[in-house]
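The values are calculated or read from the model by the stated rules, or taken from the named source; none is laboratory data. The shown structure was predicted, so the numbers you read here are calculated from the model rather than taken from an experiment. All Cβ positions, glycine included, derive from the backbone under ideal geometry; neighbour counts span all protein chains shown.
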Amino acid sequence: MTSIPTLCGQKILLIEDEWLIADFISAMLEDMECTVSGPVATVVDALTAIAAGNIDCALLDANLNGECSAPIADALVAKGIPFIVVTGYGGLDLATETMNTAARLGKPFLEADLRRSLELALNKPVLK
Amino acid sequence: MTEAANPTLGLTPKNDEPGSAGPDVFPIVGIGMSAGGLEVASALLRGLPIDSGMAFVIVQHLDPTRESLLAELLSRETKMPVVQVQDGMSVELNHVYVIVPAKTLLIEDGIFRLVEPAERRGMRHPIDKFFTSLASDRKQKAIAIILTGAGSNGTAGLVDIKQAGGLCIAQDPTTATFNSMPRHAIDSDVIDYVLAPEDMPAALLQYVQHSYISDAKPEQIEPALGDGVEEIITFLQKSGIHDFRQYKRATLSRRIHRRMNLCHLESLADYVALLENNREELKALGKDLMINVTAFFRDSDAWKALENDVIAPMVDRAVSGDPIRVWVPACSNGAEAYSIAMLLIEHSELLGKTLNIKIFATDAADNHLSAARKAIFPGSMVEGLATDRLSRFFEKIDDNYYRVRQSVREIVIFAPQDLLQDPPYSRMDLVSCRNLLIYLQPSAQAKVLALAHFALREGGFLFLGNAETTGSHGNLFTEVSKKHRIYRCIDKARRPALSFPDWPNRLDDAQRPRSTSPIADIAVKALASHYAPASVLIDRNYQVLHFHGLTEEFLAQPAGSPTMDLLALARHGLQMTIRTAVQKATSEDKKITVQSSIKPVGGQQAVFVSACKVTGADGSVNILVSFERGSRTNTQSDLTKVLPEDVNLRQDVEEVLRAARAEMQETVEQYETTNEELTAANEEVTSVNEELQATNEELEASKEELQALNEELSTINAQLDRKIVELGDVHDDLKNLLMGNDVATIFLDTDMHIKWFTPAIDTLFSLRNEDIGRPIANFAQMFVGGGLLEKANAAAVDLVISEAEVETYAGQHYRMRVLPYRTYDNKIAGAVATFVDITDLKRHHAVTEAQKQFSAAIVESVRTPLLVLDAKLRIQMASAAFENMFDIEVEESVGEMIYDVDAGVFVPELRVLLEDMLPKHEKVDDFEVQLTTASGVVKDLSMYARRIEGDANRPAAILLTIEDVTDRKADIRHQELMIGELSHRVKNTLTVVQSIANQSRRGSNTLEQFTQAFDGRLHALASANDLVIAGSWKSVDLRHLVDRAVRPFAQSGQFVIVDGPPVDLRPQASLTVAMILHEFATNATKYGALSSKAGTVSITWRIDRDDSTPHFCFEWTESGGPAVTAPIKQGQGTRFIERSVTYELKGTITLDFAPGGMRAILKFPLTETTIQPHDKKIEGKAA
């Protein structure tokens, strides 16, 4: 699969509590020539990273080791940063409306899924 | 028939004339009664033997619309057969007969007749009617008894009984419940005995055993009595009772015989002795002997004839102001006199004439007169009259009596007069003397007829009873109606010899011609006295009818009894002259004058006697004889000379004259004395008159008071009448009520005898109508227990009201209620027991009770709180579960508003449910409410409500169940959470597997290598997951984790696990730790201590609390393996370990590749990765 120029150099913040998964997704993003920011495993770290800026898009795990990631989603929306909720909850309701209406990528996923989600998120910024 | 025997008078005995019943006829007792009669009649019948020798007929006022039970009731009282009368039934001896309702009972020749009453209801007099027919059927064997009752029925009939010679008995009013009937009878003066009912049987038996009744032929008594009767008549006359000498002996004998019976005497001598000693009996006898019957318009045909032939022409002829004079001798109660008065009034009014009507009604008996003056008659006497006559001439003074109106009374003048002794009246237009002659001896009859003739003016009428005629005096009267005994007086000039000791001379009066005008009269009189000669008017028989002028010169009364014969009166010498003149005048029909002479004191004197015929207005022919002294010389050819009588007679005449003068002188003196006496008497009379007038005024005042009182009494009576009607209605209502319902009722008297019962009683007692009056104790009750008799006694004696439930043998249940029987005046007259059938009620009650228990059980067994509210949302019932849920006492909350429960936690939601939703829907299901109770607990409740419409028996209600769904809701939320969590973990795990596969692929050069690495890691992950699941995704014991992680590599003794403190890892951390251990073990197997059999691995851990945050410190120490060198290039596994520890555990790992064996130290903070012992509780709850 050839990389798509649009994703090249995009700075993606990866928020994922489990190292094995974070490592795996980072590898995929790097294959897509994205620059991985993080990954971060906690809400605090995520908010710090967001505050630091320089992020094009974020991949957000809905559950960070039992902690709800809704504040992160709110911060992302506030910043106008598009994000994709990456979750094992599938189609189930999430904690907040912001999370529910955001683009969602169900675990496990293929690289193509991730790419399409990112392309959609980046071309079509989430409106607040 | 005794009286048949008067051929002279041609009498035909009828009912008016008392006869007597034959020997084979037995006495009949008529018993008249009304209110209260049953009891008295029972007492009377009880006292009579079965063979009394009489028959009894009971006549009672009965409700015409009701069947009478009288016969049935009376048959219990006597052994005599008691029969209800039927038409045509013949009377039998020793029987009791009872009238049927709504019929008039009569008896004729021993046969009962039932006829429809002619009068309207209330005007009927069944007792009177029967008594009258009984009197005519049984004569002296008729016995009438008046018992208790209201009104006056029977009184009129008693008179007929008495008249027929029968016996009249009245109940003693003091013993009668209603004493009006006996009292009226007694007042009527015809009652022979006044007795208490129990004394009547003896009196009856004694009466019928007397020879007066039992002897075969009463007429034979007369000769037997013989002189005794004369003795009694003389005695009566002397005692001043009455002179009966001229009365028929047969009638008198029979009535005396009857009185003897009443006095229980058989011997006349004894009776005479009694009379001498007993003034009362003497009076009673006198009264009985004079008994007379009259009635209004008795024999209506005769009265019709009188009206048409006498009254109508009489009134027609009269001019206004003319007198019409009528005499009714022996008037008795005055009915006849009043009848005539009515006819006269009717006719004079018809012709618009005001006539001076005077009716003289006379009688010898004072009691008759006083009764007649009162003019009060029982209804039975007058109600048969024509209605217009009744209302025109009578006023009703009470229910039973009528009084003749004032207008009639004032023209009838009552006066005492003994026809046979006292002077008669005169110048009468009509004499009505009915039914008197039949009682008199023939000589007395003749005298009465002569009197009547005297009393009547010429052409006046005589009205006799239908059994009477003018007989031998037929020449004095002409027949107007032979059939109806109406006669006209003729030949007034002929006067039969009458002798009355005290008869004043009223002849001048009687014969004074009626003057037409006073002035003409005076003129004629003057002329006549101045110019007319002394004259006399004589009839053809030379009887002087009138004297005119001074006739003493020519006429003189001879010695001896006074005479009116002119020839006897004529002075000596004139007889021949008069006879000649009269004869010639009569035969030649012209005036004849004859000369004669008399010898007065002065010498011979010539006298001219003239005679001429005079024809009266009524066609009667008389002769006028005039005398003139002979001063003139008569040359008329028709003058007849009569030779003078012997002159020698003069001497005698002068002597006679002297004697006469002396006598006259004496008479004048006597007259003057008498005159003085009369003047004194007159003064006395005047003063007496004044007194009488005063008395009269007082009487008038009293009368007015009495009338006012009477008015009041009438009013009260009318009210009582209405009350009776109302009572009748109420009685009917009550009867229908009691008969119509199913409540068995029995009335007992104070002796616990049955008084009455309703038909419904038949399930409790076997009673029939005949059982009324029998003791209730004699009847077997058809139910168990109840104690009716004791309760009834208690009710009647102590006024106790009691109730009990009884069960019949048939299994029906009754509520028995016993209470005192109160009369209208609040006396206790026994007890009333009612039995209400409650069988159904009890069955329904049992069913209801069972259903109630059933529903209560349901309510109790339901774990959901259940409330019953009424329409106003107040709690009616609450289940125990409700009590538990809200921690309140059910009993306290009953009646409370639902909104008030638990300080009003329900209010807003309940209002929505109960006030908005429920009125629109019959039911509301699963209405969810979340509330915080007063104690602060949040509860999820689900409510179910049902509206139950009320009806007549049950008010509307609301059923409300409240289900606590707090736990269920939490479970659902947890479940949803779990599903999410499961999905999350599964997907995460799969992603981890994906990552592991990716990692393994990168670190492998061959597929074999990949497979081995991937399998090992996947296995480690699975093992760790097993433990996570075993720990319910909550915690994993480190010891187990280590065991499971190293087990695939284990060979005995190679692992030395030194126990550290127990540590519970969080699931995420446990997975990381397990994967790290797997990498350690894999490396040890590939390169480290486990690659040789002698190598061992020691594992130990501790909690290091030296730092600010407590750390978990885990050591992996290898030994005994091949010599160790630090790897040049960091391997895939090592990189994973390092990154995992820092990223996920926030810890550090130190790898020491010592030559004796690798040693790894893993440190990470406790707080985020492990479960602290104090956390466990919270964790367990929050999960």
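As a summary of the residue check, B:ALA744 satisfies the conditions (1) surrounded by 10 or more Cβ atoms within 10 Å (Cβ to Cβ); (2) without any contact (Cβ under 8 Å) to a residue 12 or more places away in the chain except for the one numbered (2). Considering segment B:135-149, the residues that are aliphatic (A, V, I, L, M) and out of contact with any helix residue (DSSP H, G or I) (no Cβ under 6 Å at 6 or more places or on another chain) include one that is farthest from B:GLN209 (Cα to Cα), namely B:ILE145. As a summary of the residue check, A:ASP17 satisfies the conditions (1) part of a helix (DSSP H, G or I); (2) within 14 Å of another protein chain (Cβ to nearest Cβ); (3) closer than 20 Å to B:GLU981 by Cβ except for the one numbered (1). For segment B:753-780, a residue qualifies if it is surrounded by 17 or more Cβ atoms within 10 Å (Cβ to Cβ) and in a loop (DSSP other than H, G, I, E, B), and the qualifying residues are B:THR758, B:LEU764, B:LEU767.
This table checks each residue for (1) surrounded by 13 or more Cβ atoms within 10 Å (Cβ to Cβ); (2) of a type in the set (Gly, Ala, Ser); (3) farther than 17 Å from B:LEU69 by Cβ; (4) under 29 Å from the mean Cα position of the chain (by Cα).
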{"position": "B:PRO81", "(1), (2), (3), (4)": "yes, no, no, no"}
{"position": "B:GLN84", "(1), (2), (3), (4)": "yes, no, no, yes"}
{"position": "B:VAL91", "(1), (2), (3), (4)": "yes, no, yes, no"}
{"position": "B:LEU106", "(1), (2), (3), (4)": "yes, no, yes, no"}
{"position": "B:ARG113", "(1), (2), (3), (4)": "yes, no, yes, no"}
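Please tell me if B:LEU1071 is surrounded by fewer than 22 Cβ atoms within 10 Å (Cβ to Cβ), within 14 Å of another protein chain (Cβ to nearest Cβ) and assigned to a helix (DSSP H, G or I).
Numbers: surrounded by fewer than 22 Cβ atoms within 10 Å (Cβ to Cβ): no; within 14 Å of another protein chain (Cβ to nearest Cβ): yes; assigned to a helix (DSSP H, G or I): yes.
Judged against the criteria, B:LEU1071 is not a match.
Which one is farthest from B:SER432 (Cα to Cα), of the residues in segment B:308-321 that are crowded, with 18+ Cβ neighbours inside 10 Å and not small (Gly, Ala, Ser)? Here the residue is B:VAL315. All told, A:ALA52 falls short of being more than 27 Å from B:LEU982 (Cβ to Cβ), out of contact with any Phe, Trp or Tyr (no Cβ under 9 Å at 6 or more places or on another chain) and in contact (Cβ under 8 Å) with a residue 24 or more places away in the chain. Does A:ASP23 count as touching a strand residue (DSSP E or B) at 6+ places or on another chain (Cβ under 7 Å), among the acidic types (Asp, Glu) and within 10 Å of chain B (Cβ to nearest Cβ)? It is false that A:ASP23 is touching a strand residue (DSSP E or B) at 6+ places or on another chain (Cβ under 7 Å), among the acidic types (Asp, Glu) and within 10 Å of chain B (Cβ to nearest Cβ). The condition (being touching a strand residue (DSSP E or B) at 6+ places or on another chain (Cβ under 7 Å), surrounded by fewer than 13 Cβ atoms within 10 Å (Cβ to Cβ) and in contact (Cβ under 8 Å) with a residue 12 or more places away in the chain) is satisfied by just one residue among B:VAL1042, B:VAL1046, B:VAL1058: B:VAL1058.
For A:THR48, state whether it is surrounded by fewer than 19 Cβ atoms within 10 Å (Cβ to Cβ) and among the polar types (S, T, N, Q). So A:THR48 fits the description; yes. Within the span defined as segment A:36-48, one or more residues are part of a strand (DSSP E or B), more than 9 Å from chain B (Cβ to nearest Cβ) and closer than 18 Å to A:GLU119 by Cα.
Which residue, of B:LYS590, B:LYS584, is at pLDDT 70 or above and in a loop (DSSP other than H, G, I, E, B)? That would be B:LYS590, the only listed residue that is at pLDDT 70 or above and in a loop (DSSP other than H, G, I, E, B).
Screening the candidates B:GLU949, B:GLU1008 for the property of being closer than 26 Å to A:MET28 by Cα, of a type outside the set (Lys, Arg) and more than 14 Å from chain A (Cβ to nearest Cβ) yields one hit, B:GLU1008.
Quick one: would you say B:GLU346 is among the acidic types (Asp, Glu) and closer than 27 Å to B:ASP189 by Cα? Judged against the criteria, B:GLU346 is not a match.
Of all residues in segment B:1074-1097, none that is away from chain A (no Cβ under 14 Å) and on the phi > 0 side of the Ramachandran plot has its Cβ atom under 6 Å from the Cβ atom of a residue that is polar (S, T, N, Q) and assigned to a helix (DSSP H, G or I), 6 or more apart or on another chain.
Table: residues versus (1) of a type outside the set (Phe, Trp, Tyr); (2) surrounded by 12 or more Cβ atoms within 10 Å (Cβ to Cβ); (3) closer than 30 Å to B:ALA881 by Cα.
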residue: B:ALA795; (1), (2), (3): yes, yes, no
residue: B:GLU807; (1), (2), (3): yes, yes, no
residue: B:TYR814; (1), (2), (3): no, yes, no
residue: B:ILE828; (1), (2), (3): yes, yes, no
residue: B:ALA833; (1), (2), (3): yes, yes, no
residue: B:HIS844; (1), (2), (3): yes, no, no
residue: B:PHE854; (1), (2), (3): no, no, yes
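Within the option set B:SER995, B:SER983, B:SER1004, B:SER1023, being surrounded by fewer than 17 Cβ atoms within 10 Å (Cβ to Cβ) and without any contact (Cβ under 8 Å) to a residue 60 or more places away in the chain holds for one residue only, B:SER1004. Contact annotation: residue pairs with Cβ atoms under 6 Å, 6 or more positions apart or on different chains, pairing a residue in segment B:457-485 that is more than 20 Å from B:ALA446 (Cβ to Cβ) with a partner that is of a type in the set (Val, Ile, Thr), are B:VAL480/B:ILE486. Restricted to segment B:337-436, the set of strands (runs of 3 or more DSSP E) holding at least 3 residues that are acidic (Asp, Glu) is empty. Only residues that are within 7 Å of chain A (Cβ to nearest Cβ) and of a type in the set (A, V, I, L, M, F, W, C) were counted in segment B:980-1004, giving 4.
When B:ARG392, B:ARG373, B:ARG427 are screened for being under 22 Å from B:GLN163 (Cα atoms) and of a type in the set (Lys, Arg), only B:ARG373 passes. In segment B:956-991, which residue that is of a type in the set (Val, Ile, Thr) and touching a strand residue (DSSP E or B) at 6+ places or on another chain (Cβ under 7 Å) is farthest from B:ALA881 (Cα to Cα)? Result: B:ILE958.
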